[in-house]
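Everything below concerns the one structure shown next.
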Amino acid sequence: MCAGISYYTYTLFQKFSPLGFMMMIPAAILFFQCLWWIVNPFAMIFENRLEIKYSMFSGREIYFTDIKKITENKRGKLFVVYTDDEAEPLNLFGIRTSHLSLLKSEMEKQIAANLQKQ
């Protein structure tokens with residue numbers, strides 16, 4: 001839809017139509033919304049795993065069966081401690097710092113629930 005409206009706006013500009021200027025606003029809004037959707041990172045918590053999408057095209061899955069606990073350092077960076085006591089920092093570039101505590105608490109709930117199942 002974004003590509004269609006953008007192309008239509010481009011053809012109107014080629015014809016020097018005044019409608020092109022009116023179509024430019026919705027085309028620009030749709031373009032930035034589409035770009036935001038493609039490159040905006042997010043994290044989704046499922047019953048058995050955490051899925052971190054750095055963009056629409058790349059992501060990572062961490063399974064709760066492999067995690068022992070979640071720790072946080074003084075700077076607020078989250079670390080995953082696996083069952084073999086190996087710690088790995090979570091790369092959460094782009095995720096709001098206000099959402100990190102919520103992510104940590106939800107992950108701790110899922111880890112506790114998973115440990116009870118085992």
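Can you pull out the residues in region 63-93 that are open to solvent by less than 40 Å² (accessible area, probe 1.4 Å) and either free of Cβ contacts under 8 Å to residues at least 24 places away in the same chain or hydroxyl-bearing (S, T, Y) (or both)? Reasoning before the result, please.
From region 63-93, those open to solvent by less than 40 Å² (accessible area, probe 1.4 Å) are 64, 67, 70, 76, 78, 80-82, 90, 92; that's our starting set.
Scanning region 63-93 gives V80, V81, Y82.
Can you give me the number of residues within region 6-22 that are among the aliphatic types (A, V, I, L, M) and modelled with pLDDT of 90 or more? Give the steps one after another, and end with the answer.
From region 6-22, those among the aliphatic types (A, V, I, L, M) are 12, 19, 22; that's our starting set.
Going one step further and asking which of them are modelled with pLDDT of 90 or more, we end up with 12.
Qualifying residue count, region 6-22: 1.
Can you list the strands (runs of 3 or more DSSP E) lying wholly within region 1-116 that have 1 or more residues being more than 23 Å from the chain's Cα centre (by Cα)?
Where strands (runs of 3 or more DSSP E) fall fully within region 1-116 and carry at least 1 residues being more than 23 Å from the chain's Cα centre (by Cα), they are 67-72.
Restricting to region 17-57, give me the number of residues that are open to solvent by 50 Å² or more (accessible area, probe 1.4 Å) and polar (S, T, N, Q).
So the answer is 2.
Just the residues that are farther than 21 Å from N48 by Cβ and open to solvent by 60 Å² or more (accessible area, probe 1.4 Å), please, taken from region 94-118.
Correct list: R96, T97, S98, H99, S101.
The values are calculated or read from the model by the stated rules, or taken from the named source; none is laboratory data. The structure presented is a predicted model; accordingly, all values stated were derived computationally and were not measured. Reconstructed Cβ throughout: ideal geometry from the backbone, glycine too, with neighbour counts over all protein chains shown. Side chains included, ligands, DNA and RNA excluded: accessible areas come from the protein's heavy atoms. Shrake-Rupley method; radii C 1.70, N 1.55, O 1.52, S 1.80 Å.
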